[in-house]
Amino acid sequence: MAEVTEALVLDALRTVKDPDKGADIVSLGMVSGLVVKGGNVGFSIEVDPKRGPALEPLRQAAERAVDALPGVFSVTAVLTAHRAGPQMPARSGHGHDHGHSHGAPQGQGGGAKAAVPGVKAIVAVASGKGGVGKSTTAANLALALAANGQKVGLLDADIYGPSMPRMMGISGKPNSRDGKTLEPMQNYGIKVMSMGFLVAEDTPMIWRGPMVISALQQMLRDVNWGELDVLVVDMPPGTGDAQLTMAQNVPLAGSVIVSTPQDIALLDARKGLNMFRRVDVPVLGIVENMSYFCCPNCGHRTDIFSHGGARAEAEKLGVDFLGEVPLDIAIRETSDGGAPIVMSQPDSPHAKVYRAIAAQVWAKVGGAGARRAGPRIVVE
Ligand code: ADP
């Protein structure tokens, strides 16, 4: 069996010439985000946006060249506009930075992280791997922040498996009033944007690194979020390059790491922590999800996965422990049914846990930020 390797793919692509420049697309540095998985190959060809429409034949030629390699089952080449776009904040520093200079502490060190006007604090919800309840936590955290009185947006950056349309009970497509910016969708008082609104659910999408970033930048900056206290970002699961780049490109005030007791043991959560630390984003704390099991019949509590690991681990890592959420069918049914528990059962103990987590998050990004803006003058 012929094994397809990146080197073989690049060799094949060296036979493809840019019609305007004469040289091949590999030597010209136009190929990026190459992924080879089994016999499936994906990559993007970075082109000047002005030339995009004229280069469809080039894209097809690149696909054909790779497709001809023995062992290749599928090839997806996409044209991506390389940098230069007006939205991508450049080094120059002027322009985007004025305005909300009193806002919450945005991650430092970021020439590439222009603030989003009107949005006081952006908080990422992340996990070391998929299936730990990151999206469930993000949705309930957003609703809990709103229940505590904050103006909240929810950006579903989990473009590989957007779940916010379902969890927030929203369908349909966002409108644009001016043809440039999209109006966010809205439910339960939360503004929501998700790739799930823009692309049909069963459309297969292969996202290469640069596309992920530009999709996220658009959902962040080309959406009319208005004035928000907190924008909660449901990150894609894991800690790979795409996640790291996102953490670098979004002006995050902080991150919340969701972890199950097992994955604390398996150190996945630690990877998440390290990722944010590498890019100077403060980790606001860890939420232990599926912490213990609540029997729906008798209310009996069982610690299936030796619960409490997250609290101990957080202490060891010098990170705050924000709270523990049990494994409870009510949490699954409500969020999978489009009415997360904080909204649909506000008096339940679980909703209280989420509101307590939200209060801590707000104290760290909003409360503290507000205090930093200077003392309030109180007239008695
Ligand atoms: P992730 O975003 O990490 O992939 P999800 O939030 O989509 O995970 O959760 C995966 C599944 O687990 C969903 O069906 C969700 O309803 C369920 N789930 C998440 N947290 C809980 C919980 N605390 N109790 C019961 N089910 C949960």
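Exactly one residue out of G111, G93, G71, G52 is at pLDDT 75 or above, surrounded by fewer than 17 Cβ atoms within 10 Å (Cβ to Cβ) and not assigned by TED's automatic domain parsing to the domain that holds P236, and it is G71.
Of the helices (runs of 4 or more DSSP H) lying entirely inside segment 262-339, the ones with 1 or more residues being open to solvent by 60 Å² or more (accessible area, probe 1.4 Å), modelled with pLDDT of 90 or more and more than 22 Å from A121 (Cβ to Cβ) are found at 329-336.
Condition check ((1) open to solvent by less than 20 Å² (accessible area, probe 1.4 Å); (2) within 8 Å of the ligand (Cβ to nearest atom)) across all residues:
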{"position": "A124", "(1), (2)": "yes, no"}
{"position": "G133", "(1), (2)": "yes, yes"}
{"position": "A138", "(1), (2)": "yes, yes"}
{"position": "A142", "(1), (2)": "yes, no"}
{"position": "K151", "(1), (2)": "no, no"}
{"position": "P162", "(1), (2)": "no, no"}
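For segment 329-347, the set of residues classified as of a type in the set (S, T, Y) and within 12 Å of the ligand (Cβ to nearest atom) consists of T334, S335, listed by residue number. Among the conditions (1) open to solvent by 40 Å² or more (accessible area, probe 1.4 Å); (2) in contact with a helix residue (DSSP H, G or I) (Cβ under 7 Å, 6 or more places away or on another chain); (3) within 21 Å of G338 (Cα to Cα); (4) more than 14 Å from the ligand (Cβ to nearest atom), D241 misses just one, which is (3).
Annotation note: of R64, R83, the sole residue that is under 30 Å from V119 (Cα atoms) and either at pLDDT 75 or above or basic (K, R) (or both) is R83.
Yes or no, residue by residue, for (1) out of contact with any Asp or Glu (no Cβ under 6 Å at 6 or more places or on another chain); (2) outside the structural domain of G285 (by TED's automatic domain parsing); (3) part of a helix (DSSP H, G or I):
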{"site": "M211", "(1), (2), (3)": "yes, no, yes"}
{"site": "A215", "(1), (2), (3)": "yes, no, yes"}
{"site": "M219", "(1), (2), (3)": "yes, no, yes"}
{"site": "G226", "(1), (2), (3)": "yes, no, no"}
{"site": "P236", "(1), (2), (3)": "no, no, no"}
{"site": "T239", "(1), (2), (3)": "yes, no, no"}
{"site": "L244", "(1), (2), (3)": "yes, no, yes"}
{"site": "Q248", "(1), (2), (3)": "yes, no, yes"}
{"site": "L252", "(1), (2), (3)": "yes, no, no"}
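Pairing each residue of segment 327-353 that is farther than 19 Å from L145 by Cβ with any residue that is of a type in the set (A, V, I, L, M) and open to solvent by 70 Å² or more (accessible area, probe 1.4 Å), provided the two are 6+ apart or on different chains, yields C-beta distances under 9 Å for L327/I304.
I need the full set of residues from segment 29-49 which are in contact with a Phe, Trp or Tyr (Cβ under 8 Å, 6 or more places away or on another chain) and open to solvent by 60 Å² or more (accessible area, probe 1.4 Å), in order please.
G38, N40
Here A147, A139 are screened, and the one residue that is within 19 Å of the chain's Cα centre (by Cα) and modelled with pLDDT of 95 or more is A139. Of all residues in segment 147-186, those satisfying the criterion of being out of contact with any Pro (no Cβ under 8 Å at 6 or more places or on another chain) and under 19 Å from L252 (Cα atoms) are Q150, K151, V152, L154, L155. Counting only residues that are closer than 14 Å to K352 by Cα and touching a Gly at 6+ places or on another chain (Cβ under 6 Å), how many does segment 121-160 have? Here the count works out to 1.
Let me confirm something: among S32, S44, which residue is farther than 13 Å from V75 by Cα, in a strand (DSSP E or B) and not acidic (D, E)? Spell out how you get there, then give the answer.
On the way: S44 fails: farther than 13 Å from V75 by Cα.
Just a single option satisfies the conditions, and that option is S32.
The values are calculated or read from the model by the stated rules, or taken from the named source; none is laboratory data. Please read these numbers as outputs of a predicted model, since none were measured by experiment. Cβ sites come from the backbone with ideal geometry, for glycine too, and all protein chains shown count toward neighbours. Surface accessibility is based on the protein's heavy atoms, side chains included, excluding ligands, DNA and RNA. Shrake-Rupley method; radii C 1.70, N 1.55, O 1.52, S 1.80 Å.
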